[in-house]
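One structure below.
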């Protein structure tokens, strides 16, 4: 079976980030590898203990002009399946998204952004990098 490379941006707790591709990310493992898409390329080993989140992205450029929805109150979000979550990180970044099976006992969890216009398709959030995770009905 061929390996699938995921386009990702890893954001670390110290504010740094690395952009690149991974084929061995596993939420149950403590490390994975990123083939860097910048800064001379190369492969770096990433420890999930140092991370804030992994953003699985459409492009490395992103979109600074995207609409910034700050909750699920917009009409089109009412039909989003799954548990709706508001995640507040230790650096005050807030992400709204949905999840199928959130458990606060896990080290991390995936969310799918409420705003489909964002550059990230899904995010793996490290629970210890959050201040709060609120559920919305």
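The values are calculated or read from the model by the stated rules, or taken from the named source; none is laboratory data. In this text the structure is predicted, and so the values were computed from the model without any measurement. Reconstructed Cβ throughout: ideal geometry from the backbone, glycine too, with neighbour counts over all protein chains shown.
Quick one: is residue 108 at pLDDT 90 or above and outside the structural domain of residue 13 (by TED's automatic domain parsing)? Steps first, please.
Details: at pLDDT 90 or above: yes; outside the structural domain of residue 13 (by TED's automatic domain parsing): yes.
Taking the combined requirement at face value, the residue satisfies it.
Anything in the range 123-132 that is surrounded by fewer than 18 Cβ atoms within 10 Å (Cβ to Cβ) and either assigned to a strand (DSSP E or B) or on the phi > 0 side of the Ramachandran plot (or both)? List them, or say none.
Within the range 123-132, the subset surrounded by fewer than 18 Cβ atoms within 10 Å (Cβ to Cβ) is 127-128, 131-132.
Scanning the range 123-132 gives 131, 132.
For residues that are in a strand (DSSP E or B) and touching a residue at least 24 places away in the same chain (Cβ under 8 Å), scanning just the range 23-40, find the one that is nearest to the chain's Cα centre (by Cα). Please lay out each step first, then the result.
Let us first name the residues in the range 23-40 that are in a strand (DSSP E or B), namely 31-36.
Imposing the further condition that a residue be touching a residue at least 24 places away in the same chain (Cβ under 8 Å) reduces the set to 34-35.
On the way: 34: 15, 35: 18 Å.
Here the answer is 34.
Tally time: how many residues in the range 106-129 are closer than 26 Å to residue 14 by Cβ and more than 12 Å from the chain's Cα centre (by Cα)? If you could, list the steps in order and put the result at the bottom.
Of the range 106-129, the ones closer than 26 Å to residue 14 by Cβ are 106-111, 113, 118-129.
After this cut, where a residue has to be more than 12 Å from the chain's Cα centre (by Cα) as well, the list is 106-107, 128.
Within the range 106-129, residues that are closer than 26 Å to residue 14 by Cβ and more than 12 Å from the chain's Cα centre (by Cα) number 3.
Just for the range 71-95: of the residues that are more than 16 Å from residue 133 (Cβ to Cβ) and not in a helix (DSSP H, G or I), which one is modelled with the lowest pLDDT? Talk me through it step by step, then tell me what you get.
The first filter runs over the range 71-95 and keeps only residues more than 16 Å from residue 133 (Cβ to Cβ), leaving 73-81.
So of that shortlist, the ones also not in a helix (DSSP H, G or I) come out as 73-74, 78-81.
Details: 73: 58, 74: 54, 78: 64, 79: 66, 80: 72, 81: 77.
Across the range 71-95, the extreme among qualifying residues is 74.
Could you list, in sequence order, the residues of the range 87-101 that are crowded, with 18+ Cβ neighbours inside 10 Å and farther than 17 Å from residue 56 by Cα?
89
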